[in-house]
Structures are given as C-alpha cells and as structure tokens.
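A short worksheet on the structure shown next.
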Amino acid sequence: MALTAGIVGLPNVGKSTLFNAITNSQVEAANYPFATINPNVGVVEVPDHRLDDLRTLFQPKKTIYTTFEFTDIAGLVKGASRGEGLGNKFLANIRETDAICEVVRCFRDKDITHVDGSVDPIRDVETIHLELVFADIETVEKRISKLERKAKSGEKEAKEEMEVLTPIKETLEKGLPARTLSFSKEEWVYVKQYNLLTMKPIIYVANMGEEDIENPDNNPYYLQLVEYAHKENADVVPICAKIESELAGLGEDDKAIFMDDLGIKESGLDKLIKETYHLLNLKTFFTVGPDECRAWTFKDGMTAPQMAGIIHTDFERGFIRAETYSYDDMMIYKSENALREAGKIRQEGKTYQGQDGDIMFFKFNV
C-alpha cells in the first residue's frame with residue numbers, strides 16, 4: 001500500500017533537515033526560503049521489533065519491513081492560497097498526500113532566519129492552517145456554483161450534495177478544518193471527491209533545540225503547541241532535526257550509545273514514523289517462513305481476502321481461507337508445530353477482519 005505523508009511548514013523550520021534524517025538522503029537544506037522547490041520523496045522502513053523477533057525464530061533468507069513514504073514539500077508563506085511564494089504548487093503537492101506532518105519551529109537560533117522575524121509556533125501553525133482553509137473554501141465554492149441551479153430545480157443528487165457542501169462551507173468560513181465535521185457513509189462518497197486539504201489527518205512535529213529534547217516539557221514553545229493540538233485532537237511529536245540528522249549517519253551500535261548519552265530511549269524519527277502510521281489507521285500483518293519473513297501494511301477493518309490482495313491480486317480473487325495465528329502466541333509457543341498442538345492456529349474465512357500482529361498463510365485457487 002503506497003501511503004504518503006507530506007512534510008510541510010514555513011520556510012526555515014527544519015523540514016529538509018528532518019527529511020534528510022528520515023531518508024538518510026541529501027536533499028538541499030539551505031538557510032533561505034524555497035530551498036526545496038520540487039517535492040523530494042523518500043521511502044522509510046517502519047520500525048517493528050516483532051519482525052526482528054520473528055526473524056530470530058525463523059532464520060529466513062530475507063527479512064522485509066513494511067514501508068512508508070514521506071514527501072518533503074516546499075515551504076509555505078502567508079498568501080499561498082492567492083499564489084504567493086510557490087502558492088498553488090505547494091497546495092497541489094499537499095493534495096497528493098494522505099496525511100500532513102507539519103514541522104513547527106520551537107527553537108531559537110539567531111543564525112537561522114525566520115520568515116516572520118521571530119519564533120512563534122502558534123502564529124506559524126495558524127498561517128498554514130488558514131492557507132489550507134482558504135484553498136478549501138475556493139474548492140467548495142466552485143463546486144457549489146456548479147450545483148446551485150440544479151439543486152433549486154429539484155434535482156435529487158444535486159440537492160443531496162448541496163446538503164453536504166453547505167455545512168463544510170460554513171465550518172471553513174469559521175476558520176475550522178473540514179475534518180472537525182462528521183459524515184455518514186453516504187455523505188463520505190461526496191466528500192472524498194473534493195480532496196479537501198483540511199480533511200487530511202495532521203500530526204505536529206515540534207522541532208526543538210538539542211538542550212530541550214531530553215525534557216520537552218521545559219520548552220514553552222512545545223507546551224503552547226501541545227495545547228493548540230489538543231483542541232483538534234492532534235498529536236505532537238517532539239524532535240530535534242539536527243540530532244536526528246546526526247543519528248541517521250551512525251551505525252546501530254553507535255546510535256544506541258549516542259541516544260543513551262542524550263538520555264532518550266527512542267529516536268524522534270522512529271516516533272514520527274510510528275505516529276504517522278497509526279494516524280492513518282494502518283496496521284501490520286506478517287508472512288513467515290524459511291525463505292522470507294515480511295511485514296505488510298493494511299488498513300484497519302480490512303477483511304482476510306483484501307489483505308491477501310495486498311500480496312497479489314490472484315490471492316484475493318481465488319481466496320479460500322487464511323491460516324492465522326498471532327505474534328503474541330508465537331512468542332509463547334516458539335514454533336508452528338507447538339501452536340498447532342495447542343490449538344492456536346485458526347482457519348479464517350472471507351468475513352474475518354485482520355488484527356494487528358496477525359501471522360497469515362493464505363490458501364487460494366485461481
């Protein structure tokens with residue numbers, strides 16, 4: 001499943017430095033606006049200790065982690081919805097992503113300029129927030145103008161769609177994102193067609209200085225951001241992009257020593273990858289054997305045949321059943337033979353909804 005999170009923010013907040021660390025790549029990270037013009041895309045592995053444990057048990061020839069895609073998008077400035085800065089190009093790049101990771105500057109550094117002249121995380125968040133709202137208002141108004149006459153004439157579908165669009169427009173005009181609204185299954189059919197920017201789930205990344213990362217709560221900017229995010233049920237991941245960039249260049253042993261010296265148990269990048277994964281309601285199932293142990297991404301609520309289809313469309317088309325057991329049970333019994341003797345291997349059919357940590361073997365006939 002190719003899912004993408006867009007890394008956004010004002011110029012010079014640390015987006016490209018963070019992206020370099022995420023992908024261990026070297027995109028340009030310069031101290032001036034619009035150093036990133038074309039979106040850079042990087043694929044990262046989702047860290048998962050369960051796959052490490054399964055590899056130890058099965059000793060496969062190959063181990064393949066599930067992956068997630070991050071896109072580094074050019075810095076936005078006030079007026080983007082009216083074409084300022086890179087304007088429409090920036091907004092179009094966000095539109096192509098599944099989720100938004102907004103990097104917010106929560107550090108002072110006189111050597112790194114701020115586009116608005118001072119550090120103020122709430123002002124920065126609201127600058128981007130309002131530009132996305134303005135862009136969505138334009139999208140909704142264009143659609144309404146096409147439907148109004150048909151709705152007034154009594155056309156059923158046009159009236160139904162207008163009933164969906166009207167509360168969205170009213171919400172946006174209050175400065176609130178469209179994701180604060182709830183939609184029925186029938187309404188969602190219309191909503192997803194609009195591809196609204198403020199419908200995308202968001203996670204805030206507080207980019208802090210090295211001196212704050214061990215105890216983020218001591219940073220007043222971070223606390224302001226957490227309070228703001230709480231109001232819209234969003235999460236905040238504290239990170240020091242500079243440190244993460246240094247960690248990315250180290251081997252596993254040196255990385256562990258460096259993190260221990262810093263007093264942190266998990267890198268900010270690992271936290272961000274996991275949080276973004278969960279933000280999109282993604283889960284993981286595994287396939288195991290002597291040739292390969294592999295993690296696969298699936299959407300919460302998917303059925304066994306749909307999960308089989310992630311591996312190959314033929315698996316879904318000819319699905320018969322899924323031989324299934326849990327990672328937790330495997331850690332207790334240590335082998336498939338022991339699991340079978342204990343009655344822990346299940347035969348699941350077409351209506352079974354997959355659970356995070358399922359280990360599956362699909363039987364099919366095409």
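The values are calculated or read from the model by the stated rules, or taken from the named source; none is laboratory data. These numbers were taken from a predicted model, which means no experiment stands behind them. Virtual Cβ from ideal backbone geometry, glycine too; neighbours counted across all protein chains shown. Ligands, DNA and RNA are excluded from the accessible area calculation, which covers all protein heavy atoms including side chains. Shrake-Rupley method; radii C 1.70, N 1.55, O 1.52, S 1.80 Å.
Tabulated data for the structure shown
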{"quantity": "From the options 223, 262, residue that is under 23 Å from residue 8 (Cα atoms), assigned by the TED database to the domain that holds residue 13 and of a type in the set (A, V, I, L, M)", "calculated": "223"}
{"quantity": "Selection within the stretch 321-332 - open to solvent by less than 80 Å² (accessible area, probe 1.4 Å) and either charged (D, E, K, R) or free of Cβ contacts under 8 Å to residues at least 12 places away in the same chain (or both)", "calculated": "323, 329"}
{"quantity": "Pair list, Cβ under 6 Å, 6 or more apart: the stretch 55-73 residue part of a helix (DSSP H, G or I), other residue open to solvent by 90 Å² or more (accessible area, probe 1.4 Å)", "calculated": "none"}
{"quantity": "Options 313, 297, 303, 276; residue that is of a type in the set (S, T, N, Q) and more than 24 Å from the chain's Cα centre (by Cα)", "calculated": "313"}
{"quantity": "Enumerated helices (runs of 4 or more DSSP H) restricted to the stretch 241-338, each holding at least 3 residues that are under 24 Å from residue 23 (Cβ atoms), of a type outside the set (S, T, N, Q) and out of contact with any helix residue (DSSP H, G or I) (no Cβ under 6 Å at 6 or more places or on another chain)", "calculated": "241-248, 252-262, 268-279"}
{"quantity": "Yes/no for residue 255 being among the charged types (D, E, K, R) and over 22 Å from residue 126 (Cα atoms)", "calculated": "yes"}
{"quantity": "Hits in the stretch 173-202 - residues which are small (Gly, Ala, Ser) and either under 23 Å from residue 277 (Cβ atoms) or open to solvent by less than 40 Å² (accessible area, probe 1.4 Å) (or both)", "calculated": "175, 178"}
{"quantity": "Test result for residue 249, open to solvent by 20 Å² or more (accessible area, probe 1.4 Å), over 21 Å from residue 64 (Cα atoms) and small (Gly, Ala, Ser)", "calculated": "yes"}
{"quantity": "Matching entry among 357, 343 (being open to solvent by less than 70 Å² (accessible area, probe 1.4 Å) and either in contact with a Phe, Trp or Tyr (Cβ under 6 Å, 6 or more places away or on another chain) or not small (Gly, Ala, Ser) (or both))", "calculated": "357"}
{"quantity": "Identity of the residue in the stretch 37-78, charged (D, E, K, R) and closer than 23 Å to residue 133 by Cα, that ends up modelled with the lowest pLDDT", "calculated": "78"}
{"quantity": "The stretch 139-155 - residue that is in contact (Cβ under 8 Å) with a residue 24 or more places away in the chain and in contact with a Lys or Arg (Cβ under 9 Å, 6 or more places away or on another chain) and, of those, most open to solvent (accessible area, probe 1.4 Å)", "calculated": "141"}
{"quantity": "Pairs where the first residue, in the stretch 166-177, is on the phi < 0 side of the Ramachandran plot and the second is in a loop (DSSP other than H, G, I, E, B) and surrounded by 13 or more Cβ atoms within 10 Å (Cβ to Cβ), C-beta under 8 Å, 6+ apart", "calculated": "167/181; 168/181; 168/196; 171/177; 171/181; 177/232"}
{"quantity": "The listed residue being surrounded by 17 or more Cβ atoms within 10 Å (Cβ to Cβ) and part of a loop (DSSP other than H, G, I, E, B), out of 213, 128, 168", "calculated": "213"}
